[in-house]
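For reference, the structure is listed below as structure tokens.
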Amino acid sequence: MYKHSGSRGSGAPGWVLQRITGILLVVVVIGHYFVMHSDPASGHTYAAVLARMHHPFWKMFDLTFITVGLWHGLNGTWGIFRDYKMKPAVSLTIYGIIILSGIAFWVLGVNTILSF
Amino acid sequence: MAYQPKPPDGWLKTNLKYNKHKGSWAWILHRITGLGLTAYIYVHIYALTTLTQGEQAFDNEMKLFTTPVFKVLEWLLFSLVLYHAFNGVRIVLVDWADGAKYHKKLLTVVYGLGVVLFIGMGVLMFREPIANMFASLR
């Protein structure tokens with residue numbers, strides 16, 4: 001069944017989405033760094049996070065950020081593995097690890113955001 | 001389709017033997033920084049789960065993350081972000097615009113813009129130690 005694992009379909013939708021999410025992340029990640037990590041005095045107390053999380057905008061922002069960031073990172077990682085000829089069992093194991101860990105950490109992140 | 005046999009020198013040696021020009025290094029760096037950033041997003045998500053354990057747990061953790069060692073690591077991580085972001089834009093320009101005609105010039109822009117913003121971020125992050133350094137010179 002997975003004899004040609006990784007070669008089913010052309011992979012074009014993933015390729016296009018990788019570029020679209022990438023363009024979004026260029027703006028968002030560099031912006032995130034300047035907003036959150038450039039001022040040593042700002043934003044990193046529990047009170048500051050609580051205040052920010054009261055705005056639905058920042059909740060939506062963080063949910064989008066986690067979803068798009070994880071997907072782009074893991075789709076890229078799978079793209080690297082796809083370049084190598086792997087035995088089906090190895091390929092399936094790596095794909096499984098990527099999918100399962102991706103879902104697990106997405107749930108972990110979403111749980112943190114929605115706990116406010 | 002049968003699996004192709006290993007190259008006589010093994011995969012690693014064969015890969016290392018290829019001639020590498022600017023573009024090959026850009027490609028290699030893009031993959032390494034991409035894997036690094038993906039690993040980091042896992043760490044980032046996990047580290048922030050202390051937010052669910054209340055104020056004290058989170059503020060204690062932030063005390064560790066605001067020590068000089070972590071501040072420097074935070075700054076160095078930005079270099080991965082900058083390279084991957086700007087080289088990513090370069091890839092999109094090559095794929096969707098006329099980037100293939102000037103991809104080497106774009107690479108110079110990628111590195112140049114990256115260095116400028118990296119130093120800029122360093123100045124912002126370490127504004128206090130830098131100010132103290134100059135104050136002691138006076």
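Among the residues of the stretch A:99-108, is there at least one that is modelled with pLDDT under 95, out of contact with any Lys or Arg (no Cβ under 7 Å at 6 or more places or on another chain) and closer than 23 Å to residue A:18 by Cα? No, the stretch A:99-108 has no match at all. Tell me, please, whether a residue that is farther than 19 Å from residue B:114 by Cα and either β-branched (Val, Ile, Thr) or open to solvent by less than 60 Å² (accessible area, probe 1.4 Å) (or both) can be found in the stretch B:17-35. No, the stretch B:17-35 has no match at all.
Within the option set B:12, B:16, B:29, being in contact (Cβ under 8 Å) with a residue 12 or more places away in the chain and of a type in the set (A, V, I, L, M) holds for one residue only, B:29. Where helices (runs of 4 or more DSSP H) fall wholly inside the stretch B:45-138, the ranges with 1 or more residues that are touching a Phe, Trp or Tyr at 6+ places or on another chain (Cβ under 8 Å), without any contact (Cβ under 8 Å) to a residue 24 or more places away in the chain and β-branched (Val, Ile, Thr) are B:103-125.
Does residue B:16 satisfy being in a helix (DSSP H, G or I) and in contact with a helix residue (DSSP H, G or I) (Cβ under 9 Å, 6 or more places away or on another chain)?
So residue B:16 does not fit the description; no.
Residues in the stretch B:80-137 that are over 23 Å from the mean Cα position of the chain (by Cα), away from chain A (no Cβ under 14 Å) and over 17 Å from residue A:19 (Cβ atoms): B:101, B:102, B:133, B:134, B:135, B:136, B:137.
Being under 14 Å from the mean Cα position of the chain (by Cα), open to solvent by 60 Å² or more (accessible area, probe 1.4 Å) and of a type in the set (A, V, I, L, M, F, W, C), is that true of even one residue in the stretch B:58-68?
At the first step, the residues of the stretch B:58-68 found to be under 14 Å from the mean Cα position of the chain (by Cα) are none.
No; the residues of the stretch B:58-68 include none that is under 14 Å from the mean Cα position of the chain (by Cα), open to solvent by 60 Å² or more (accessible area, probe 1.4 Å) and of a type in the set (A, V, I, L, M, F, W, C).
The selection criterion, being of a type in the set (Lys, Arg) and open to solvent by 60 Å² or more (accessible area, probe 1.4 Å), does not hold for residue B:71.
The values are calculated or read from the model by the stated rules, or taken from the named source; none is laboratory data. Please read these numbers as outputs of a predicted model, since none were measured by experiment. Every residue, glycine among them, receives a Cβ derived from its backbone with ideal geometry; neighbour counts consider all protein chains shown. Just the protein is used for accessible areas: all its heavy atoms, side chains included, with ligands, DNA and RNA removed. Shrake-Rupley method; radii C 1.70, N 1.55, O 1.52, S 1.80 Å.
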